[in-house]
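What follows is one structure encoded as C-alpha cells, with my remarks underneath.
The values are calculated or read from the model by the stated rules, or taken from the named source; none is laboratory data. Nothing here was measured: the structure is a model prediction, and the numbers come from that model. Using ideal geometry, Cβ is built from the backbone for each residue, glycine included, and neighbour counts are taken over all protein chains shown. We work out accessible area using only protein heavy atoms, side chains counted, and drop any ligands, DNA or RNA first. Shrake-Rupley method; radii C 1.70, N 1.55, O 1.52, S 1.80 Å.
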Amino acid sequence: MAVDPYPIWWRGISAPPPAQWVYLFEEFTGDDTADEWALSAAIFIAQTRRRTGAGPTFSELFAHLLPDSNGLPGPFPPGLDFFARRRAVTGFRGHVTIEWRRRALISWDKDVTGSLRVGRQFRERSRQRQLARGRAGVRREIYRSA
C-alpha cells in the first residue's frame, strides 16, 4: 500500500494542496492557535442560533471566519474538477471542525443541516464569565450603598 504524501483532508486529489491551504489548516488546528479560532467559531454559532433559532451551515461558518475569500482557505490549484474541489473543501472544513469539536468548543449532529452548536467547554466558560460578571456587579452595589 502506497503512502499518500498529502494531508488527510486532501487525500484522493491528484494535485498537491496549495501552501495557503496547508498554512491555514495549521493555523486553525495548531496547539497555539486552535482554541482562539474555535472560540471565534463558537461565538458566531451562538450568535446565529440566538438570532435565527438554528445553527449556521459549515459554509456560513467558514464564510464568517474567512470573509475575504468567501470561506475558502485560498485559490484552488489549476485543473481541479468540480468533484475534486468539493472533496477539498469538505475535507478541509471537516477536519478543522473535528479538531474544534475535540476541544469541546463546538458540536453538531452528523448529516443534519444547521445543527452546528456550541460545545460543552464553551458553555462552561460562558457560565463562569457570567458568574464573574454577576459577582462584580454585586460588589459594586455593596460599595455604592455603603
With every protein chain kept in place and a 1.4 Å probe, the residues 95, 64 fall, from largest accessible area down, as 64, 95
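Full-extension gain between residue 111 and residue 57, please, as 0.36 nm times their residue separation minus the C-alpha to C-alpha distance. Kindly include the intermediate steps, with their values, before the conclusion.
Details: separation 54, 0.36 × 54 = 19.44 nm, distance 1.11 nm.
Between residue 111 and residue 57, full extension yields an extra 18.3 nm.
Per DSSP H run of at least 4 residues, take -39500 (n - 2.57); add these up for the chain, divide by its residues and hand me the 222 nm value, nearest 500 deg cm²/dmol.
On the way: 5 runs with 85 residues, N = 146.
After summing the helix terms and dividing by the residues of the chain, the value is -19500 deg cm²/dmol.
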Could you pull out which residues in the range 86-102 have an amide N less than 19 Å from a spot 7 Å beyond the Cα of residue 15, following the Cα-Cβ vector?
-> 86-93
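Could you give me D for the chain, from Stokes-Einstein at 37 °C and 0.692 mPa s, where the hydrodynamic radius is the Kirkwood radius over C-alpha pairs? Units µm² s⁻¹, please. Present the calculation step by step, with values, prior to reporting the outcome.
Numbers: Rh = 17.2 Å.
This corresponds to a translational diffusion coefficient of 191 µm²/s.
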Could you provide, to the nearest whole Å², the per residue accessible area of the chain with probe 1.4 Å?
-> 65
Expected field for residue 82, accessible surface area in Å² at 1.4 Å probe radius, rounded to 10, holds 130
So how much accessible area does residue 14 have, in Å² to the nearest 10, using a 1.4 Å probe?
-> 110
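Leaving ligands, DNA and RNA out of it, rank 86, 103, 127 by accessible area with a 1.4 Å probe, largest first. Mind showing how you got there, number by number?
Values: 86 105, 103 55, 127 130 Å².
Per-residue accessible area, sorted high to low, gives 127, 86, 103.
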Computed lengthening from residue 40 to residue 101, 0.36 nm per intervening residue step minus Cα-Cα distance | 20.6 nm
Sorted list, accessible surface of protein heavy atoms, 1.4 Å probe, largest first, for 24, 39, 116 is 39, 24, 116
Check: the range 36-93 dipole with +1 on Lys, Arg Cβ and -1 on Asp, Glu Cβ, in debye | 240
Please state the charge dipole magnitude for the chain, taken about the Cα centre, from unit charges on C-beta atoms (+1 on K and R, -1 on D and E), reported in debye and rounded to the nearest 20.
-> 1100
